[in-house]
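Participant: Sharing a structure with you now.
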Amino acid sequence: MKRSFRLHHLPVMGVIAAALLSVPALAAGPGNDPAALAKIRDTAMSSDYAWQRTEDMTDLIGPRLSGSPGAAAAVTQVAEAMRKLGAKVTLQPVKVPHWVRGIETGELVEYTGRPQGVTQRVVLTALGGSGATPAEGLVAPVLVLKSFEELKTRAAEVKGKIVLFDVAFDQHMADRGLAGHAYGQGSAYRRNGPRMAAELGAVGALVRSVGGAAYRLPHTGSSGLLENARIPAAAVTAEDSMLMARLARRGPLSMKLVLTPQNLPDADSFNVIADLPGTEKPDEIVIVSGHLDSWDLSPGAHDDAAAVASAMAVFEVLKKLDYRPRRTIRFVAWMNEENGQRGAAAYLAAEQANAGKHFGAIESDNGVGRPFGMRASVMPQSVKLFAPLQAALQPIGANVFQRQDVLATGDLAGLERAGVPSFAPIVDTSSYFDYHHTPADTLDKVDPDILRRHVALMTATAWYLANMEQDIGRSSVPKP
């Protein structure tokens, strides 16, 4: 007869560690025996639980931008699903930004060689945190720039202009396994460009969409604009950015821009937290996580619904096997990763004093492309300790273990700075940025078999960390 999986002892945040210490000892699981790891892998590979939860989140709810009804519905949906697995859920309160998209149009109204009566539509989408134009829009000259260096040299020309940063996403880099680096280079212009343009007197800012697959799709994301200088800011498609650059070479170029977003007061939301308590060291914690919010253009299937579902599936796999870890495995669905990381900040504030009891933390936030293994910010001498985990994952081709000094993965960055080793799946991201932050990030882009491999990697790694006999040390993030 299987033991009940129901948890009765999860207290409010801040006293979790003390309460876990008082929990009666539970029967020990099989630990990191190779046969147990193989069972975890094979059970995950035969389960469609993560696919079903991804389908629920994307098809029944859709977009989940912080502060929206969709985000609130996702909190309820995930919490209820975790309760059905027998877990007692804690909802950790978080105040989140509440930004609402409005009308968004762009039109090229003046340029050299324009036929009488002809204008050209520009496909664009507002960036998160963007300010608004007047309701009727604004018309201004467009200044096309290729770099921050050019912004500096042409600073005197910026005032009164709409500044366009025409910086291409490096797909060649993405195709060779460096998509994250390519995204980092491009997103620097999205995050910092509008703010820098505003400081120089620009009346609007545009960025070339940060992503591949030039199918005239705009990619949204955070703008980095400051509260007292929220100029209208938008991402334009790669095709329209190139068009404007070509027209600007012919002569003066002007645009009519209409953006009517609203920056509303902060809204109430939650991180969703659930624990599977440890049998021997219940006060030591291993986190497995993804972020619950998405941008408002799509249901965010890869970013990050399927990853949240994979983290949920860790509990489902272990429940099927009736495996109990030595350390507590904690599921976290973070709120507000996309435009503020308030959920991560709330968790860190509540657990700062308990950071030393966090043995390791896993976050998946690079889509659910084919997984190859894990990146980890463990000490160099600890790498050899993960050989048994690598052996268990070799049959599904997910046995790479790549050590880095710092991962700085979204919601785990603060915990990592506090010494908690971070882990993140190594996945194929060569096509991820084709639909990242676009209307195309939909369920059909997720491969069910690859998702099962993702679950196997997440579950085996979480279990392995929760049952390790050896200490893997603390992360050592250099001080800024």
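The values are calculated or read from the model by the stated rules, or taken from the named source; none is laboratory data. All of these numbers come straight from a predicted model, not from anything done at the bench. Virtual Cβ from ideal backbone geometry, glycine too; neighbours counted across all protein chains shown. Areas reflect the complete protein model, heavy atoms only, side chains present, ligands, DNA and RNA absent. Shrake-Rupley method; radii C 1.70, N 1.55, O 1.52, S 1.80 Å.
Participant: Does the stretch 96-119 hold any residues that are under 20 Å from residue 164 (Cβ atoms) and open to solvent by less than 60 Å² (accessible area, probe 1.4 Å), and which are they?
Facilitator: 104, 106, 108, 109, 111
Participant: I'm trying to understand the selection: among the residues of the stretch 440-469, which are among the hydrophobic types (A, V, I, L, M, F, W, C), open to solvent by less than 10 Å² (accessible area, probe 1.4 Å) and not in a loop (DSSP other than H, G, I, E, B)?
Facilitator: Residues satisfying the conditions are 451, 455, 456, 457, 458, 460, 462, 463, 465, 466.
Participant: So for the stretch 306-318 (the condition being over 14 Å from the mean Cα position of the chain (by Cα), touching a residue at least 12 places away in the same chain (Cβ under 8 Å), assigned by the TED database to the domain that holds residue 436 and open to solvent by 30 Å² or more (accessible area, probe 1.4 Å)), does at least one residue qualify?
Facilitator: There is no residue in the stretch 306-318 that is over 14 Å from the mean Cα position of the chain (by Cα), touching a residue at least 12 places away in the same chain (Cβ under 8 Å), assigned by the TED database to the domain that holds residue 436 and open to solvent by 30 Å² or more (accessible area, probe 1.4 Å).
Participant: Any idea which of 344, 355 is assigned by the TED database to the domain that holds residue 412 and more than 18 Å from the chain's Cα centre (by Cα)?
Facilitator: 355
Participant: Then there is this: Name the single residue, out of those in the stretch 172-185 being open to solvent by 30 Å² or more (accessible area, probe 1.4 Å) and under 20 Å from the mean Cα position of the chain (by Cα), that is farthest from residue 208 (Cα to Cα).
Facilitator: Looking at the filtered set, the residue picked out is 177.
Participant: With the requirement that a residue be open to solvent by less than 10 Å² (accessible area, probe 1.4 Å) and over 24 Å from residue 33 (Cα atoms), what does the stretch 378-428 give you?
Facilitator: 411, 412, 415, 416, 419, 420
Participant: Residues 328, 279: which one is farther than 19 Å from residue 78 by Cα and part of a strand (DSSP E or B)?
Facilitator: Working: 279 fails: part of a strand (DSSP E or B).
After applying the criteria, what remains is 328.
Participant: Sticking with this one: Output the residues belonging to the stretch 246-280 that are open to solvent by less than 10 Å² (accessible area, probe 1.4 Å) and either in contact with a His (Cβ under 8 Å, 6 or more places away or on another chain) or on the phi > 0 side of the Ramachandran plot (or both).
Facilitator: 277, the sole residue that qualifies.
Participant: Of the residues that sit in the stretch 281-302 and are open to solvent by 10 Å² or more (accessible area, probe 1.4 Å) and acidic (Asp, Glu), which one is farthest from the chain's Cα centre (by Cα)?
Facilitator: It comes out as 283.
Participant: Are any of the residues in the stretch 51-73 closer than 25 Å to residue 277 by Cβ, small (Gly, Ala, Ser), crowded, with 23+ Cβ neighbours inside 10 Å and modelled with pLDDT of 95 or more? Full working, then the answer.
Facilitator: Start the filter on the stretch 51-73 by keeping residues that are closer than 25 Å to residue 277 by Cβ, which leaves 53.
Filter again for small (Gly, Ala, Ser), leaving none.
No, the stretch 51-73 contains no residue that is closer than 25 Å to residue 277 by Cβ, small (Gly, Ala, Ser), crowded, with 23+ Cβ neighbours inside 10 Å and modelled with pLDDT of 95 or more.
Participant: Right, here's the next one. Considering only residues that are closer than 27 Å to residue 294 by Cα, in contact with an Asp or Glu (Cβ under 7 Å, 6 or more places away or on another chain) and surrounded by fewer than 24 Cβ atoms within 10 Å (Cβ to Cβ), which ones fall in the stretch 338-357?
Facilitator: Scanning the stretch 338-357 gives a single hit, 341.
Participant: Here's a check for you: in the stretch 135-162, which residue that is assigned to a strand (DSSP E or B) and touching an Asp or Glu at 6+ places or on another chain (Cβ under 9 Å) is most open to solvent (accessible area, probe 1.4 Å)?
Facilitator: So the residue we want is 139.
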